Amino acid sequence: MLTDLAMSSPPTAGVVFAFLTPRTLPKAATIAGRVAVLDIAFAAEGGGSSFEKVTLPFINGLGSRLAAWVDHHDHERHIDYAQDARFVLSTKAEHGACPEMVTPEVVAHAGPVDTVAVHLDLDGLYSGAKWVLGGIEPYPGADADARAVDTRQGVPGPIATRIDRALRARFRDQNLKHRVIQYLIARTKAPQHWEEIEDAARQIDPLLAEAKRIADRFRVDGAVAYVEVGAAKPYDKTELLLLGQQRAMVAVVRDSGALSIAADFDSGLDFVKLFALGGGMPTRVSVPEARLDEVLVKLAETTARFRK
């Protein structure tokens, strides 16, 4: 779970990064020292996870070792921590991405940390690098890039575009994630790390091609585009959802026992409330496939109101 991140400059010496996901948080005892948690949403209901089962035990387990928790995903339990200065929480509408919330003031207030625990996507890695840099962007425009990638609104710059493609191609590769963080902490002056990022980015082409092939099977009913993946080669789910959104207001992808549901960031839709998930990103959620009939009915009713 944890890997030391070798640094040469004193401010980052000894820092450890942990790559986490909201639904499968580790035992707090496995996380070393004082901890900053960045871009990790409070667990939503569904899929066997919940705030009570996953997030709360992690928070309680860290106890006084929790230095900061910074996140921008909607959740009804944010209110429980409104008076705890360690928690800097917002909604997706307030902050489209997490790095813009990692300010010099937030980092200074937290004090020294031993572990920076981040979500394992671009938004999380950018947040982690910015934390180590004292709340300063690793390059001009990095916050805006993270927002463009995480909301899929606007066009990110060339650095973020390549990093996004690399991470999507090798999403579970922790070594690559460390390379990205090292590259950002070096303020993009680390060509040896950029070479690996570029190599990974080139690997996404067949995944995008497979997503495009699957997208030909989208069925559109009203404002909903729906596809069942079934047996398929590896593909890029983000790309498939975006292709579905080109065909209808909402894209629904059924794969591996789950339904991935997505709409444009500024659509006005809130799937967290619609499906009573408790928290998450309002316009991109995952629910168990057993809820398929309910999902399609609610989406049809809701999007019909939006189109009037």
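Read-outs: derived from the displayed coordinates by stated rules, not from any lab. Note that the structure is predicted; figures quoted are calculated from it, not measured. Don't worry about glycine lacking a Cβ; one is built from the backbone with ideal geometry, like all the others, and counts go over all protein chains shown.
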Theoretical gain in end-to-end length, ALA231 to GLU289 [0.36 nm per residue, Cα-Cα removed] = 19.3 nm
Using 0.36 nm per residue of separation minus the Cα-Cα distance, give me the extension gain between ARG254 and GLN192 in nm, one decimal.
-> 18.4 nm
Can you list the HN-Hα couplings for region 251-258, worked out from phi with the Karplus curve (6.51, -1.76, 1.60; θ = phi - 60°), rounded to whole Hz and with x for Gly and Pro?
-> 10, 10, 10, 9, 7, 6, x, 9
Which cross-chain or sequence-distant (5 or more) residues have an amide H under 5 Å from the amide H of LEU20, H modelled 1.01 Å from N in plane?
-> VAL118, HIS119, LEU120
Return the sequence-ordered ³J(HN,Hα) values of region 102-111 in whole Hz as given by the Karplus equation 6.51 cos²θ - 1.76 cosθ + 1.60 applied to θ = phi - 60°, using x for Gly and Pro.
-> 8, 9, x, 5, 5, 5, 5, 5, 5, x
Count the net charge of all other residues whose Cβ sits under 9 Å from the Cβ of GLY279, scoring Lys and Arg as +1 and Asp and Glu as -1.
-> -2
Taking the Cβ-Cβ separation of GLN83 and ALA32 as r and a Förster radius of 30 Å, what is the calculated FRET efficiency to the nearest 0.05?
-> 0.65
First measure r as the distance between the Cβ atoms of ALA209 and ARG172, then evaluate 1/(1 + (r/R0)^6) with R0 = 25 Å and state the FRET efficiency to the nearest 0.05.
-> 0.80
In the structure shown, do any of LYS177/LYS273; LYS92/LYS130; LYS53/LYS212; LYS177/LYS212; LYS130/LYS273 have a Cα-Cα gap over 29 Å, and if so which?
-> LYS177/LYS273; LYS53/LYS212; LYS130/LYS273
How much FRET efficiency would the formula 1/(1 + (r/R0)^6) give for THR103 and ASN60, where r is the Cβ-Cβ distance and R0 is 35 Å, rounded to 0.05?
-> 0.85
Long-range amide H partners of LEU66, meaning residues 5 or more apart or on another chain whose placed amide H is closer than 5 Å, are VAL35
Selected from ARG23, ARG147, ARG219 as most flexible by GNM, with the chain as the system and alpha-carbon contacts under 10 Å = ARG219
